[in-house]
Amino acid sequence: MEKVRLSKLMSERGLCSRREADVYIERGWVYVDGEQVNVLGSKVDPGQSITLAKQAQVQQTQRVTFLLNKPVGYVSAQPEKGYQAAVSLIAADNRYRDDRVPLRFSPAHLIGLAPAGRLDIDSQGLLVLTQDGRIAKHLIGADSEIEKEYLVRVQGSLSPQGLRLLNYGLSLDDEKLKPAQVSWQNRDQLRFILTEGKKRQIRRMCELVDLKVVGLKRIRIGKVLLGDLPVGKWRYLREDETF
């Protein structure tokens, strides 16, 4: 059986991200079949046992994940000309007052923080920012099947055939979209549940059936709800919450 890079295998098994794997390997925190491996680029058999040293496990438990209700006008990732990045809202004085996590905000929580998924500049709602590569991979990895739920206000007329196409039958970028769950929430608002996240996917889907999106809000990622988190505020992901 062909050997694979240790860091790649660690990521595939959900132990950590590939970047974190390289750090752990360099620090001597990775064991393969009980033997320490500390050389970057090492290859192993796919069936071998991989364990992390206690130091790596402790470091992982100290990593934090933020839930932010991103306002319209903020970009999810890197700041763009004239627009701020959503991470700029993660500050002590912007914390949701009803956050029940007994953790004091620290600037160290911003180190290595990255959004786990996109929410375009014209959209509002639940955005996950995390230091934990395992969570990022779980939410946005190539094989992720995590549901994302949106409320979408639209203008235009939608036929029954158009609604069927939104659920399944549309293509973007010459690629057929995965089945979605799309239904009317009220007379001018649709509910979308997707398991993929192409760039501006919902807006482009609606354009294909002659609808114009005038408001888009993400209210759920997996089992985690936006709930009553106010616009522009953040809270920590609780220990009892999983995506």
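Figures for the structure shown
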| read-out | value |
| --- | --- |
| Burial ordering of Leu67, Leu170, fewest other beta-carbon atoms within 10 Å first | Leu170, Leu67 |
| Additional length obtainable on full extension of the chain from Asp228 to Gln181, 0.36 nm per residue less Cα span | 14.6 nm |
| Cα convex hull of region 4-61, projected area averaged across orientations, nm² | 3.3 |
| Label-point separation in nm, Ile111 to Thr195, each point 7 Å along Cα→Cβ | 3.8 |
| Peptide ranges 23-29, 237-243 listed from the most packed, as the mean C-beta count within 10 angstrom indicates | 23-29, 237-243 |
| Over the chain, relative contact order from alpha-carbon pairs under 8 Å, at least 6 apart, % | 22 |
| GNM top mover of Arg200, Arg100, Arg134 - the chain, alpha-carbon springs below 10 Å | Arg100 |
| Global form of the chain, assessed from the alpha-carbon gyration tensor, a/c cut-off 1.5 | oblate |
| Ile202, Ile221 arranged by Cβ crowding within 10 Å, fewest neighbours leading | Ile221, Ile202 |
| Extended-chain gain in nm, criterion 0.36 nm per residue less alpha-carbon gap, Asp99 and Asp122 | 5.6 nm |
| Nearest-0.05 FRET efficiency for Ala77 and Glu207, computed from C-beta distance (R0 30 Å) | 0.80 |
| Set Lys3/Lys176; Lys54/Lys148; Lys199/Lys223; Lys70/Lys137; Lys43/Lys223; Lys70/Lys212 screened for pairs whose C-alpha atoms are more than 30 Å apart | Lys3/Lys176; Lys54/Lys148; Lys43/Lys223 |
| Antiparallel %, DSSP beta bridges [both residues in the chain], to 5 | 90 |
| Length gained when the stretch Glu12-Ser49 is fully extended (0.36 nm per residue, less Cα-Cα span) | 12.0 nm |
| Residue exposure sequence - Lys148, Lys43 - by fewest surrounding Cβ within 10 Å | Lys43, Lys148 |
| Residue of Pro71, Pro107, Pro79 that the Gaussian network model of the chain assigns the largest fluctuation, springs spanning Cα pairs under 10 Å | Pro107 |
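Rule-based calculations on the coordinates, nothing more; no lab input. Predicted, not measured: the structure shown is a model, and the values here were computed from it. Cβ sites come from the backbone with ideal geometry, for glycine too, and all protein chains shown count toward neighbours.
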